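Read the figures in this text as sums done on the coordinates, not as results from a lab. No experiment lies behind these values; they were computed from the predicted model shown. All Cβ positions, even for glycine, are placed from backbone atoms using ideal geometry, and neighbour counts span all protein chains on display.
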Amino acid sequence: APHAAPHLFDLSVPLEPSRGDAPLSVLHGTTEGGVRVYLLQSDVHFRAPYAHRSPADALLSASLLSRGALLLLERLSASPAALLSNDWVAALAAPYARHGAWRRAARPGGGRSWPERWRGTAFVHLVHNLEPGYDGALN
């Protein structure tokens with residue numbers, strides 16, 4: 001039987017102004033080969049992979065995942081040389097990193113502006129399955 005990953009802390013992820021913030025739980029999954037793995041959990045937005053839902057909900061989940069991952073890296077004071085996004089649900093990480101308008105000015109930036117934080121980061125997107133249902137089509 002699977003065991004629960006330990007809860008580390010919560011993130012508050014800004015969405016559109018009309019929606020406010022969405023909470024995400026950060027869990028510690030495992031450490032493998034010296035690499036620490038973190039999990040982002042939301043019982044509301046991440047119910048199941050590729051769950052059948054409206055296009056608006058699918059886009060919201062993708063946005064929340066990408067923004068949450070970037071905020072997690074900021075919270076950990078990590079400035080990676082490269083960030084790999086896998087599949088369409090994580091593809092928004094690069095544009096969200098480069099254009100931080102979504103990130104409210106009231107949130108501290110760790111001494112650097114949001115775009116400056118990611119200036120030295122290379123973004124790589126992995127596309128491995130373009131079959132229907134996995135291609136990011138929101139219809």
Inset, instruction - Please identify which residues in the range 6-21 have an amide N closer than 19 Å to a label point set 7 Å out from the Cα of Val37, following the Cα→Cβ vector. - result: 6-9
Inset, instruction - Once you have a ≥ b ≥ c as the square roots of the Cα gyration tensor eigenvalues for the range 1-50, tell me rounded if a/c is under 1.5, and otherwise prolate or oblate according to whether a/b is larger than b/c. - result: prolate
Legend entry - Protection proxy ranking, peptides 70-77, 26-33, 81-88, average beta carbon neighbours within 10 Å, highest first: 70-77, 81-88, 26-33
Inset, instruction - Please give, to one decimal in nm, the separation of the simple spin-label points placed at Ser12 and Ala56, each 7 Å out from Cα toward the Cβ. - result: 2.4 nm
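For a quick protection proxy, order the peptides 61-68, 92-99 by their average other-Cβ count within 10 Å, most packed first. Don't skip to the end; give the middle numbers.
Numbers: 61-68: 21.6, 92-99: 17.8.
Ranked by mean Cβ neighbours within 10 Å, highest first: 61-68, 92-99.
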